[in-house]
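Comments concern the structure below.
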Amino acid sequence: MRSGMGSPSGRDSRDGDFAYQEHILEGVSRTFALTIPQLPHPLRDVVGNAYLLCRITDTIEDEPALTPLQKQAFSERFAEIVAGREEAEPFARELGALLSSSTTESERDLVAHTDRVIRITRRFSPTQQNALERCVRIMSRGMAEFQRNQTPDGLHDLPHLDRYCYHVAGVVGEMLTELFCDYSPEINRRREDLLALSVSFGQGLQMTNILKDVWDDRRRGACWLPRDVFLRAGFELGSLPAGKTHPGMAAGLLELVGIARRHLANALRFILLIPSRETGIRRHCLWALGMAVLTLRRIHATPRFRDGQEVKISRRSVWAVAFVTSAVARSNFALKVLFNFFTRSLPCPGGKMRYCPHT
């Protein structure tokens, strides 16, 4: 008997709010529109809703027309809306009026329909709503803090990067773990072990995105790389625009690739704790892991890339990840072999020529 059945899996397929949720997911994230349907039915709606809540929070953070104080105010208001202490319509109207052309049409549409997203949130069980509310609250506070201290010179050091990754991704890993445990008593028996790995899982995915998007972030005046890593390689992140081909820049990126690889190894351990018969949950996680591994391989092969498009994996690679990992999703042994094969050339933290042992 499954728990967590507050998710309205028996809803009428014509329900307008849920139809909107499925539609807008495709607009704001092709990746999640691909992975979320792999989840078992009781989880699809709540995880899809959780992603949209996080996406609204991200939209506030990424909007260059907003001042840090405006971002903090809107983030705090949105957390109150998710907690049920404020109305969504005034928030959506006021934020929407301030969004610039830097925000995509799909993101603008999502903000405009915040009330529809929140109506779905209200239909979940108390446990599910608590997990979503906690995630948005921690993410919003963390993003506001880092926006206030944002600088093109990068973060101070690796622990600072860890804190940033926790607030934007690690807490999402914790939320998903709570939802998975609520869904399945068998998964819940491994709750503590899963939670211990969930933050690292999220950090591995976030670090991969940070490395891939370093130039896009720089163009909008942000940098989430840790200065200490690059200083050891003799490079100042503040001189980033003029130093795209500097060997110290490439050396720093490769060290971070190794750290991200270690986090992705923890992501695999997380997935292997999910019972093998829960292939939908495994596929959802494996596809994200596989795409991150392929992206790290491209960054490792081209550390002096000048644009994120140079290291972005192709749609063909995405489908290859989906096909191969789905074929072996039930086999822990095969998944370990596959991960070790594709990460064997990636460096380990602490040295250019050291490589990680098999997982």
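The values are calculated or read from the model by the stated rules, or taken from the named source; none is laboratory data. Given the structure is predicted, the values throughout are model-derived calculations rather than measurements. Positions of Cβ are backbone-derived with ideal geometry, glycine not excepted, and every protein chain shown enters the neighbour counts. The area values use the complete protein model at the heavy-atom level, side chains included, leaving out ligands, DNA and RNA. Shrake-Rupley method; radii C 1.70, N 1.55, O 1.52, S 1.80 Å.
Listed values, structure above:
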{"quantity": "Solvent-accessible area of ILE271 with every protein chain in place, 1.4 Å probe, in Å² to the nearest 10", "calculated": "0 Å²"}
{"quantity": "Cα-projected label distance for ASN188 with ARG344, points at 7 Å along beta-carbon direction, nm", "calculated": "4.3 nm"}
{"quantity": "Inter-centroid distance (Cα atoms) of the range 129-184 relative to the range 74-102, Å", "calculated": "19 Å"}
{"quantity": "Within the range 70-190: Cβ-based charge dipole about Cα centre, in debye rounded to nearest 20 (Lys, Arg +1; Asp, Glu -1)", "calculated": "260 debye"}
{"quantity": "At least 24 Å along the helix axis (C-alpha) and Kyte average at least 0.0, DSSP helices within the chain", "calculated": "191-212, 247-273, 279-301"}
{"quantity": "Candidates SER317, SER140, SER200, ranked by Gaussian network fluctuation over the chain, Cα under 10 Å, top entry", "calculated": "SER317"}
{"quantity": "Relative contact order (percent, whole number), the range 78-143, Cα cutoff 8 Å, 6+ residue spacing", "calculated": "41 percent"}
{"quantity": "Computed accessible area, GLU255, all protein chains, 1.4 angstrom probe, square angstrom", "calculated": "50 Å²"}
{"quantity": "Pairwise Cα inverse-distance average, inverted: Kirkwood Rh of the chain (Å)", "calculated": "21.0 Å"}
{"quantity": "Accessible surface ranking that places the most exposed of LYS312, LYS212, LYS71 first, with a 1.4 angstrom probe", "calculated": "LYS312, LYS212, LYS71"}
{"quantity": "Neighbourhood net charge (11 Å Cβ-Cβ; Lys/Arg +1, Asp/Glu -1) for THR177", "calculated": "-3"}
{"quantity": "For the chain: lysine pairs under 26 Å (alpha-carbon distance), excluding those fewer than 8 apart on one chain", "calculated": "10"}
{"quantity": "GNM top mover of THR279, THR325, THR103 - the chain, alpha-carbon springs below 10 Å", "calculated": "THR103"}
{"quantity": "Heavy-atom accessible area per residue - the chain, 1.4 Å, Å²", "calculated": "44 Å²"}
{"quantity": "Cα-centre dipole for the range 184-229 with unit charges at Cβ (Lys and Arg positive, Asp and Glu negative), debye to 20", "calculated": "140 debye"}
{"quantity": "Residue with peak Gaussian network fluctuation, the chain [Cα springs, cutoff 10 Å], from ALA65, ALA267, ALA131", "calculated": "ALA65"}
{"quantity": "Stretchable slack from ARG232 to GLU26, in nm (0.36 nm times residue separation minus alpha-carbon distance)", "calculated": "70.0 nm"}
{"quantity": "Charged-residue dipole, Cβ positions (Lys, Arg, Asp, Glu), the chain about Cα centre, Debye nearest 20", "calculated": "1500 debye"}
{"quantity": "Percent accessible area from carbon and sulfur atoms, the range 95-195, protein chains only, probe 1.4 Å", "calculated": "47 percent"}
{"quantity": "Per-selection Rg to Rh, the range 91-232 - Cα, Kirkwood hydrodynamic radius", "calculated": "1.02"}
{"quantity": "Relative contact order of the chain, defined on C-alpha pairs under 8 angstrom at six or more residues apart (%)", "calculated": "17 percent"}
